[in-house]
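What follows is calculated from the coordinates using simple rules that are stated; it is not laboratory data. None of these values were measured; they are calculated from a predicted model. Note that each Cβ is placed from the backbone with ideal geometry, even for glycine, and that neighbours are counted across all protein chains shown.
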Amino acid sequence: MAEININPVSLKCKVCGGDIVNNYLAGTSYCANCGNRWSIADLYPDYAKYQRIIANITKANDIVESENKAASATEAKLLYKTSIIECTKFNDPISSDLVRICEEGQKKAELLAVYAKGKGYFDKGSYNSALSTLSKVKGFRNADAMIEICKEEIAKKRKRDIPWDVVFSLPLPAAVGLFFREVCHWPWVICILLFLLGSAGLGYVLYRGGVIEIIIKILSFFAAGPIIIFSIMAYAFHVPTWISVITAIGAPIALFIVFASATEQLSVLFNKDK
């Protein structure tokens, strides 16, 4: 548990006149000048009235220093808040010092809450989320070490995913290129150039990751089938464009409906057999 020392407002050392430093949580005092030590109870006869408050602060500090759960951070904040409320009943130098200790503790409890959330992401291997969260609590415990690990793991994942990034970067630019070719009758050279530039741009976006990566992959997944069907019908079998478009869009939808219906029927039959 980290010690928290507070200088009292007016008490001076009786030996040298130096400032007295109190460690309220340990119940000891010492002179910052000559080093003499005393029990706080000897300097403040009514110090025992703070016993419950100090016990709560000590428990909250132990939580902040050792626990890794968001629920523990909430418990610590509640203990600090309760201690502050109880301190307001006394309105003296010691209670003011204890309030300042609690306020500092609340800040650490807030850091713990964020740290616990980031560590949860880290333990699950969600390194992007962990990096984003832990970056808010740099310097707290081992957050800096985990941040470096997150950066290394993200870099490794990006390298592993490059082939897939290339694959997913193709369907949408291909759809755009085909649209301008078939609808606007642009030259093939321009359409191919547009496709290449679009693929390169999307590939970089996918490489960088983030929410946009997920959106692009979903759109690319659903666009891939219709593009393949359209290309085969329009360019391999020379089917009219409008028929190719309708078939390319309708066939996957019809296939999905048939598959869903068949699955439901099989599920009903399976349940009846039971």
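Before moving on, here are some points about what is shown:
- Screening the chain for whole DSSP H helices with an alpha carbon extent of at least 18 angstrom along the helix axis and a mean Kyte-Doolittle hydropathy of at least -0.5 yields 51-66, 70-87, 93-123, 188-208, 211-231, 241-273.
- Spherically averaged projected area in nm², based on the convex hull that wraps the Cα atoms of the chain: 27.0 nm²
- For segment 161-273, a Kirkwood hydrodynamic radius built from all Cα pairs, placed in the Stokes-Einstein relation at 10 °C and 1.306 mPa s, yields a translational diffusion coefficient of 100 µm²/s.
- Spatially close Lys pairs in segment 127-274, defined by Cα atoms under 19 Å apart and a spacing of eight or more places or different chains, total 5.
- Inter-site label distance for GLU182 and ASP42 at 7 Å from Cα along Cβ, in nm: 9.3 nm
- Cβ crowding within 10 Å averaged over residues, with 192-205, 49-62 ranked highest first: 49-62, 192-205
- Reported value for segment 1-154: 106 Å³ per residue, from the convex hull of its C-alpha atoms.
- When each of the peptides 247-260, 216-229, 124-137 is scored by the mean number of other C-beta atoms lying within 10 Å of its residues, the order from highest to lowest reads 124-137, 216-229, 247-260.
- A simple packing score, the average count of other Cβ atoms within 10 Å per residue, orders the peptides 155-162, 21-28 as 21-28, 155-162, with the highest score first.
- Reach of LYS59 by Cα under 20 Å, taken over lysines that are not fewer than 8 positions away in the same chain: LYS49, LYS69, LYS77, LYS81, LYS107, LYS108
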